[in-house]
1. Using 1/(1 + (r/R0)^6) with R0 = 22 angstrom and r between the beta carbons of VAL365 and ARG22, what's the FRET efficiency to the nearest 0.05?
2. How many Å² of accessible area per residue for region 123-221, probe 1.4 Å?
3. Run the numbers for CYS356 and LYS164: contour at 0.36 nm per residue of separation, minus the present Cα-Cα distance, in nm.
4. On the protein heavy atoms, probe 1.4 angstrom, tell me the percent of accessible surface of region 89-181 carried by carbon and sulfur.
5. Using per-residue counts of other Cβ atoms within 10 Å, averaged over each peptide, order 283-289, 250-256 from highest down.
6. For region 74-223, what are Rg and Dmax over the alpha carbons, in angstrom?
7. Could you tell me the relative contact order of region 1-153? Use alpha-carbon pairs under 8 Å, at least six residues apart, and round to a whole percent.
8. Beyond 17 Å, what share of the Cα-Cα pairs of region 35-101 is found? Please give it as a whole percent.
Amino acid sequence: REELPRLAGRGGLPQALWRMRRFLSCAFVFSTFDMAMQDPLNAFLYSMVECPAPAPDAGGVCPEGAALDGPGVCVAEPRSSPSWSLSAHCADKDYVVRTATQVRGAIQIAHQVASIVVLLFAGHVVDLVGRRPVLMAALLCQVAFCGMLLGASFLGMSDPTAIKVLLTMAYASCGAAVSLFSPAANAMVADLSGGNASLRGDGFAALGMISNVSLVVGFAAMYPILSMHLTDYTPMWACFLAIAVAALAMNGCLLPETLPAPTKEEDQELQHSTCKRAMLEVSTGFRVVAADPFLCVFVFVASFATMAAMGSITLLAPYQVVVLQYGNAKASVCGMLLPVLGMLASGSASPLIRRCGAAELLLAVLVVAAAGVAIVGGGA
């Protein structure tokens, strides 16, 4: 392991960004790639839906996505039409969106299960093998994600069972990637902060800033693709796969290892069974949370706030497409507000922690989250 420069002096966001530039470049690539694939994935699922040719109802009205062309005949709207069904294989927009949303909801379970399972062991593995190998494994999961979606696109709807298996495995690999990346990234920030709490806050603020910048870049990069209203996403997934492989190779050359050399006692402790050690760390973590009243309440409330936020974001795309009549590209633009606000929050986090304290700032975060969920409910 090479000796890495530590954050020194009074610190601040600019210094953290400079000192951790190689690690943050990896975080930027990972987060950009992770977010860039989300909106095209919705569009890809829409494009895979098939249904019989629709017929007009008793009043002679065709479903949205089709237009009446003579008595009893509905023809699909062209891709240039705002009423296009989003699939070349089904001219019923409501059916397309409903079916794709149900499929995504089902395979999202694989994402969550894989995320939870990997997270149970990730902390111990990060300390056992190092930060760099775990970050590389997260990037490798992104390569697998793109490869499986490319395979699903090649198959089309010729084998629905194989498509569902590939989509489920792809989502599982995506969940594993996030759960591997998060603890390794946090540990690397802690390593580079040199034990200084203020500088560690600067490092996490820098990581949050880079993550949100990457979200903006990801959304902006995908807007032209979504505007094309593709019916075949095979070339896009092939390009994504090539980029993922290139990112894996680049970070393999540039990413440093920051794991401190363990003491003799720590080395002996790490040699214990990985499964047993992971279970012990998880149980210890729960005991630590339960022993601190503030932390216990915060984790409990934050969990519900996170579930509400993620549920709202998941339903946002179909709501915009069906109710507001937005296209895929226009619907993706609304998501750019999230990282913009995230950048502002990350930039102000470090001075606010110094001025207000961590506990007070966490309470303010929960208040803002609760207000956001209430606004979503009122708007709906």
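1. Approximately 0.15, to the nearest 0.05.
2. 33
3. This chain segment gains 64.2 nm when fully extended.
4. The C+S portion of the solvent-accessible surface of region 89-181 is 73 percent.
5. In descending order of packing, they fall as 250-256, 283-289.
6. My reading of the Cα-based Rg and Dmax gives 19.9, 68 Å.
7. Relative CO of region 1-153 lands at 15 percent.
8. 41
The values are calculated or read from the model by the stated rules, or taken from the named source; none is laboratory data. Note that this is a predicted model, so its numbers are computed, not measured. Methodologically, a virtual Cβ is constructed for each residue, glycine included, from the backbone with ideal geometry; neighbour enumeration extends over all protein chains shown. When the accessible area is computed, the model is the full protein with side chains, heavy atoms only, and any ligands, DNA or RNA have been set aside. Shrake-Rupley method; radii C 1.70, N 1.55, O 1.52, S 1.80 Å.
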